[in-house]
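Participant: Sending over a structure as structure tokens; questions will come in a sec.
The values are calculated or read from the model by the stated rules, or taken from the named source; none is laboratory data. Not measured: the values here are computed from a predicted model. No Cβ is skipped: glycine too gets one built from the backbone with ideal geometry, and neighbour counts run over all protein chains shown.
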Amino acid sequence: MKKFTIFVLVAVLVVGTVFGVAAQKKKVVVGNKNFTEQYIIGQLMKQMLEEHGFTVNLKSDLSSMVMRKGLETGDIDICAEYTGTAWMSHLGYPYSPSIGHQALYAAVKAIDGTDNKLVWLDPIWNHNTYALAVWPEYAEEHDLETMSDLAALYREEDGKINTFIDFEYSQRPDGLPALEEYYDFKIAKNSLKTGAPGASVTALDNKQTTVGMVFATDSKIAENDWVVLQDNKMFYPPYDLTPIVNQGVLKQYPEIEDILNELVASFPGGGEDWTPQFMVESQKEWSALNGMVDIDRMDADEAAEDYLKEHGLIN
């Protein structure tokens, strides 16, 4: 009897050890880009996955192209990308203003799933689009409300209006060169500056530029009451932030889909069809999250942890 008991105990220990080792091998690589919102979404996904037993290697500070390449080669298992960026920059499709948020998400999901074995999960309807912004007094002085108004002023001033954008925006197919052509204006070479992500917002904040490139969810917009020039001719595609998982990884760990969709569902309209109200509410939510880092000077991991705890997603 004693021998039998010892045998059972040893067997239990061996099985427990095997399962423990298996659990430790539950590893994924998450990637994020090199600006505030991406730092936060990277941490949100990382901490959600860790809460469910994953060991997560976070690769941060990546450009759009580097992150996409890593996803395609398998160096990155999971990331969050914007629908418009994927459609134009990664898949190489032209944007038609007739495509709405829901339709563009469905198209990107279908094409990436078939051609590239990448699975798009539920989207966050935050439409973090590029935009150009000015201080309210400058907008009032020149009667600026829309991109058409600003384009007319560029033409009137021969493009000599100090403008600051980030470097990636200067080269993207949905960036400044295409915007200039679409709205029929040209910024004078000596009046245009480029920099790292966030530099244009800092320059505008310090009044070192007249026009600055911003994102729709930048916290500084509301803080400074900046006038964001309306894209009245619908140049920009929808930019809705969506987790993407390599198909092979999702096959190995199918629970990832439910985990990350639960995260998405914590934002307005997450898991539901797009509506203008969901978009506006989600933009406000992300503006507040970005403000925790940009204004309150919290680290991205702290801001993410606070959000997840507030919504009961982690302990």
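Participant: Just for region 22-42: of the residues that are of a type in the set (D, E, K, R) and closer than 17 Å to PHE215 by Cβ, which one is surrounded by the most Cβ atoms within 10 Å (Cβ to Cβ)?
Facilitator: GLU37
Participant: Turning to a different aspect of this structure: Would you check if there is a residue in region 239-252 being surrounded by 16 or more Cβ atoms within 10 Å (Cβ to Cβ), farther than 20 Å from GLU37 by Cα and aromatic (Phe, Trp, Tyr)?
Facilitator: The answer is no; no qualifying residue exists.
Participant: Say whether the condition of being buried (at least 18 other Cβ atoms within 10 Å of the Cβ), modelled with pLDDT under 95 and out of contact with any strand residue (DSSP E or B) (no Cβ under 7 Å at 6 or more places or on another chain) is met by at least one residue in region 43-61.
Facilitator: Within region 43-61, none of the residues are buried (at least 18 other Cβ atoms within 10 Å of the Cβ), modelled with pLDDT under 95 and out of contact with any strand residue (DSSP E or B) (no Cβ under 7 Å at 6 or more places or on another chain).
Participant: With respect to ALA110, determine if the residue is more than 18 Å from the chain's Cα centre (by Cα), assigned by TED's automatic domain parsing to the domain that holds LYS251, surrounded by fewer than 16 Cβ atoms within 10 Å (Cβ to Cβ) and assigned to a helix (DSSP H, G or I).
Facilitator: yes
Participant: Taking LEU192 as meeting all but one of (1) surrounded by fewer than 20 Cβ atoms within 10 Å (Cβ to Cβ); (2) out of contact with any strand residue (DSSP E or B) (no Cβ under 6 Å at 6 or more places or on another chain), write down the number of the exception.
Facilitator: That leaves (2) as the condition not met.
Participant: I need every pair where a residue in region 297-309 that is free of Cβ contacts under 8 Å to residues at least 40 places away in the same chain has its Cβ under 9 Å from the Cβ of a residue that is of a type in the set (D, E, K, R) and in a helix (DSSP H, G or I), sequence separation at least 6 or different chains.
Facilitator: MET298/ASP306
Participant: Among what's in region 51-69 and is outside any loop (DSSP other than H, G, I, E, B) and in contact (Cβ under 8 Å) with a residue 40 or more places away in the chain, pick the residue that is farthest from GLN38 (Cα to Cα).
Facilitator: Filtering first and then ranking leaves GLU51.
Participant: Here are the criteria: (1) in a loop (DSSP other than H, G, I, E, B); (2) free of Cβ contacts under 8 Å to residues at least 40 places away in the same chain. Tell me which single one MET234 does not satisfy.
Facilitator: Condition not satisfied by MET234: (2).
Participant: Can I ask one more? Suppose we keep only residues that are charged (D, E, K, R) and in a loop (DSSP other than H, G, I, E, B) within region 172-189. Which one would you say is nearest to TYR95 (Cα to Cα)?
Facilitator: Among those that are charged (D, E, K, R) and in a loop (DSSP other than H, G, I, E, B), it is ASP174.
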